[in-house]
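Chemist: Pasting in a structure now, in structure tokens, and then I'll have a few things to ask.
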Amino acid sequence: MARALRDAYGETLMALAAENDKVVALDADLASSTKSISIKKIDPNRFFDMGIAEADMIGHAAGFAASGYIPFVSSFAMFATGRCWEQIRNSVAYPRLNVKICATHAGISVGEDGVSHQATEDIAIMRAIPNMEIYVPCDAAETKALIRHVAETKTPCYVRMGRIAVEDVYPDDKEFDFTKINVLREGSKAVIFATGIMVQAALEAAERLDKEGMPITVVDVCAIKPCDEEGIVNLLQQHKIVFTAEEHSTIGGLGSLVCELAADKCPRKVIRIGLKDKYAESGNYKDLLKKYKLDADGVYDKIRRTFDKEEKEFRYMPFR
């Protein structure tokens, strides 16, 4: 069943507000889109529309957190991270305040809103901030469990969600451990670490490859920071061919994270699937994902061509 992560976020935020009167929500004039407005059904006095003033919203959230509340802050990912990065760094992360930045409409799947609204650098800029935890769920079940998880932590958190409805990966009753990666499919030929909507693309590509005799391991990496270093390194050790897939720049996101671990702990060549230091454009989200090879066909094609290249190089390798 296809469900939007922002809907799962709104439902869970509403449930948390009913359970805990310290939960409040702040939004920057986009509450109907981010679904943070759902908290008003529990208590209108715990919802604050800050207008188009994201930096001010972060300052207020810091004040709420310093006063013992659990503020959930929402806007589109482009504005929730980029427009108020300084305030996040200095007013939230530096004093390590308990603010939850839950942003929607991330990546190029925002579609027709265009480059000005397509956050493809947000993981990178948030990863660079000390004390900031970063999570990218892939489906509704993972989103619901994740929002409850971050509500229980005492640290600043960034949760990245998209706009579009996506197919379920997990059953609703799945129990999650966000300190661990989730291996969704096992194979001997290669491993692909994916995050967000690229998990579904990787699974579809893996199914096609398996039918062609090329089984690959598919891994859902929801927790970007802190990450399951031991789990990732263990899979690097088991596989010669390594891929990453993210609806984000290949600079600073999941691909960079896996490359850093490979450099530090298990040397591997890592093939990163994502936006290669470029902006996208305005258009239908399916067309954009296809053009920039961030759909299942694109993932399949990249892995298939890599296998073909490896086999060709092995075939013509001189004997010594």
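The values are calculated or read from the model by the stated rules, or taken from the named source; none is laboratory data. For clarity, every value in this text was computed on a predicted model and none was experimentally measured. Quick reminder, even Gly has a Cβ in these numbers, built from the backbone with ideal geometry, and neighbours come from all protein chains shown.
Chemist: When the residues of region 65-85 are filtered to those that are part of a strand (DSSP E or B) and either farther than 13 Å from K22 by Cβ or aliphatic (A, V, I, L, M) (or both), which remaining residue is nearest to the chain's Cα centre (by Cα)?
Modeler: Filtering region 65-85 down to residues part of a strand (DSSP E or B) leaves 70-74, 76.
After this cut, where a residue has to be either farther than 13 Å from K22 by Cβ or aliphatic (A, V, I, L, M) (or both) as well, the list is 70, 73-74, 76.
Numbers: I70: 22, V73: 17, S74: 15, F76: 14 Å.
Among those that are part of a strand (DSSP E or B) and either farther than 13 Å from K22 by Cβ or aliphatic (A, V, I, L, M) (or both), it is F76.
Chemist: Can you list residue pairs whose Cβ atoms sit under 6 Å apart, with the first residue in region 40-54 being without any contact (Cβ under 8 Å) to a residue 40 or more places away in the chain and the second being exposed (fewer than 15 other Cβ atoms within 10 Å of the Cβ)? Count only pairs 6 or more apart in sequence or on different chains.
Modeler: Pairs found: I42/A18.
Chemist: For region 110-132, how many residues meet the condition of being out of contact with any His (no Cβ under 8 Å at 6 or more places or on another chain), buried (at least 21 other Cβ atoms within 10 Å of the Cβ) and of a type outside the set (A, V, I, L, M, F, W, C)?
Modeler: Here the count works out to 2.
Chemist: Go through region 10-64 and count every residue that is part of a helix (DSSP H, G or I), more than 23 Å from the chain's Cα centre (by Cα) and among the small types (G, A, S). Break it down into steps so the answer makes sense when it comes.
Modeler: Looking only at region 10-64, we keep the residues that are part of a helix (DSSP H, G or I), and these are 10-19, 31-34, 36-41, 44-46, 54-64.
Filter again for more than 23 Å from the chain's Cα centre (by Cα), leaving 17-19, 39-41, 44-46, 56, 59-60, 62-64.
This time we only want the ones that are among the small types (G, A, S), so: 17-18, 59, 62-63.
Total meeting the criteria: 5.
Chemist: OK, next. Go over the candidates L26, L13 one by one and state the one that is in contact with a His (Cβ under 8 Å, 6 or more places away or on another chain), more than 25 Å from S249 (Cα to Cα) and crowded, with 21+ Cβ neighbours inside 10 Å.
Modeler: Values: L13 fails: in contact with a His (Cβ under 8 Å, 6 or more places away or on another chain).
Going through L26, L13 in turn, the sole match is L26.
Chemist: Right, next: G162 - would you say it is within 24 Å of T81 (Cα to Cα), in a loop (DSSP other than H, G, I, E, B) and modelled with pLDDT of 95 or more?
Modeler: Working: within 24 Å of T81 (Cα to Cα): yes; in a loop (DSSP other than H, G, I, E, B): yes; modelled with pLDDT of 95 or more: yes.
Against the criterion (within 24 Å of T81 (Cα to Cα), in a loop (DSSP other than H, G, I, E, B) and modelled with pLDDT of 95 or more), G162 qualifies.
Residues checked against (1) more than 23 Å from S256 (Cα to Cα); (2) surrounded by fewer than 21 Cβ atoms within 10 Å (Cβ to Cβ); (3) not basic (K, R):
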{"site": "E167", "(1), (2), (3)": "yes, yes, yes"}
{"site": "K180", "(1), (2), (3)": "no, yes, no"}
{"site": "V183", "(1), (2), (3)": "no, yes, yes"}
{"site": "K189", "(1), (2), (3)": "no, yes, no"}
{"site": "I192", "(1), (2), (3)": "no, no, yes"}
{"site": "T195", "(1), (2), (3)": "no, no, yes"}
{"site": "D228", "(1), (2), (3)": "no, yes, yes"}
{"site": "V233", "(1), (2), (3)": "no, yes, yes"}
{"site": "H239", "(1), (2), (3)": "no, yes, yes"}
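Chemist: Checking E152 against (1) free of Cβ contacts under 8 Å to residues at least 24 places away in the same chain; (2) surrounded by fewer than 16 Cβ atoms within 10 Å (Cβ to Cβ); (3) not assigned by TED's automatic domain parsing to the domain that holds Y9: exactly one of these is not met. Which one?
Modeler: (3)
Chemist: Would you confirm whether or not region 90-98 contains a residue that is buried (at least 24 other Cβ atoms within 10 Å of the Cβ), in contact (Cβ under 8 Å) with a residue 24 or more places away in the chain and within 28 Å of D277 (Cα to Cα)? Quick ask: steps written out before the conclusion?
Modeler: Step one: filter region 90-98 for residues buried (at least 24 other Cβ atoms within 10 Å of the Cβ), giving 92.
Pick out the ones that are also in contact (Cβ under 8 Å) with a residue 24 or more places away in the chain and you get 92.
Filter once more, so that each one left must be within 28 Å of D277 (Cα to Cα): none.
No - not one qualifying residue is present in region 90-98.
Chemist: Kindly indicate whether any position in region 83-101 is in contact with a Phe, Trp or Tyr (Cβ under 7 Å, 6 or more places away or on another chain) and at positive phi.
Modeler: Within region 83-101, the first condition is being in contact with a Phe, Trp or Tyr (Cβ under 7 Å, 6 or more places away or on another chain), and the residues that meet it are 100-101.
With at positive phi added as a condition, the list becomes none.
Checking region 83-101: not a single residue is in contact with a Phe, Trp or Tyr (Cβ under 7 Å, 6 or more places away or on another chain) and at positive phi.
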